[in-house]
Structures are given as structure tokens and as C-alpha cells.
Ligand code: SF4
């Protein structure tokens, strides 16, 4: 009977905190839903992929969330925000802003998997310039980069779209960019290609901030 139950993949992590860490309790909760031969996939994007029974998915997500884990869909969605370790402190490095932005955009359906990244200072440990959407806190404000590409022989740095943003302006700009991408990308067009095709000026005009 178990063999006929369908499994689905979910992405799990410990949420935005001082580094991508899991507690022993969180590991035990995850292990509770794994058989001896099951595997946990560690992605490059600070997420773990786990296959769970589809008919148990809601119950499992609820239990994971009670243990402080965060769960996200897998596939063509905005990924959870990759972050740095906030080594100089949560407030100083903008952790509340990173959390709010993650709440607003992670899990949004998009034409092709979109990877956003955040870093709390110009050292850039969160690697914002080689991800689709990158945010870098500089002193008391936020710089916004788009169109970075980490993979392949043609890896590219993102372009600086806007700088010295207040948090609310940053949230609005990122949300508008994602909506624009949803509406105007070609089928399964990666965000990096979309930015190159559409161009910085058109994107700035569209978000109109
Ligand atoms: S980007 Fe800055 S705040 Fe974040 S972990 Fe690196 S040095 Fe620390």
C-alpha cells in the first residue's frame, strides 16, 4: 500500500537567521518522516529537499513549522532569500528587512526558478551580484542588483538597478520587478535572460519609483 502513495518534494530550511543552521530538534523532526534509505538533498541555495507523502504534506509542513523550520515549494518559484551570516548583528545588518522581503516574495510562482540573495554589508558573503535579484546593505540603505548569473562559462555579475533605498521602497521595487517578469517573460525564460532582453531602462520605467 505504501508503494502506491505519491511523494512530493518540499524545500526546507531554518529560516533567516545567523547563518544557515538547523538545531538538533529540527533534524529529528525531519528524520521522523524519512525511511532509512531516504536521502536529504542539500541544495546550493540554503535549502534541503525532502520527499514526503503527498497525503501527509500539510500535516508535515505544520509540524516542521512548529519546530521553527520554514517550508517552500520546489520548481518554478521565487526561492527563499539566500543570506549572509549577519556577523555584525541582526539590526545593524538588516535581518528584519531580509525577513520581511523573504515573507513577501519566497514561493511566488514565476516563469523560471528565481534566486534572490541578500547581504548585510559590502563584503557580500550572501553573493548578491551573482544571483537573479541581489540586495546589498550599504550603511543605512539598500542597493538593488538584478540579472546576475552564477552558472556556466558565461557567468555574469548583476547590474546595479537602484541604490540607497529605504526598506519600503526596496520591497515595492522587488515586488514590481517580479510581477513584470511574471507578465512579460517568454515561456521558461530565465530571469537573467529576461533582464538582458528587456534592459535596465525599461525595467526602471516599468517599476516607476
Ligand atoms: S556580508 Fe558582511 S555582515 Fe554579512 S556575513 Fe559577510 S561580513 Fe558579515
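We did not get these values from a lab; they are worked out from the coordinates using the rules stated. Computed from a prediction, not measured in an experiment: that's the story for all the values here. For neighbour counting, all protein chains shown are included, and Cβ atoms are generated from backbone atoms with ideal geometry for every residue, glycine included.
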Give the angle, between 0 and 90 degrees and rounded to the nearest 10, that separates the Cα long axis of helix 57-66 from the longest principal axis of the Cα atoms of the chain. 70
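Report, in deg cm²/dmol and to the nearest 500, the calculated mean residue ellipticity at 222 nm for the chain, where each DSSP H run with n ≥ 4 adds -39500 (n - 2.57) and the sum is divided by the residue count.
Value at 222 nm, helices only, nearest 500: -9000 deg cm²/dmol.
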Approximate spin-label separation residue 85-residue 37, in nm, with each point projected 7 Å along Cα-to-Cβ: 3.8
Can you tell me how much longer the chain between residue 62 and residue 44 gets when fully stretched, taken as 0.36 nm per residue apart minus their C-alpha distance, in nm with one decimal? 4.0 nm
Extension gain, residue 160 back to residue 9 (0.36 nm per residue minus Cα-Cα distance, nm): 50.9 nm
For helix 95-105, what angle does its Cα long axis make with the longest principal axis of the chain, in degrees from 0 to 90 and rounded to 10? 80
Could you work out how far helix 167-184 tilts from the main Cα principal axis of the chain, as a 0 to 90 degree angle to the nearest 10? 80
Per the 1/(1 + (r/R0)^6) rule, R0 = 22 Å and r from the Cβ atoms of residue 189 and residue 169, FRET efficiency to 0.05 is 0.25
What distance in nm lies between label points placed 7 Å from Cα along the C-beta direction at residue 17 and residue 205? 4.6
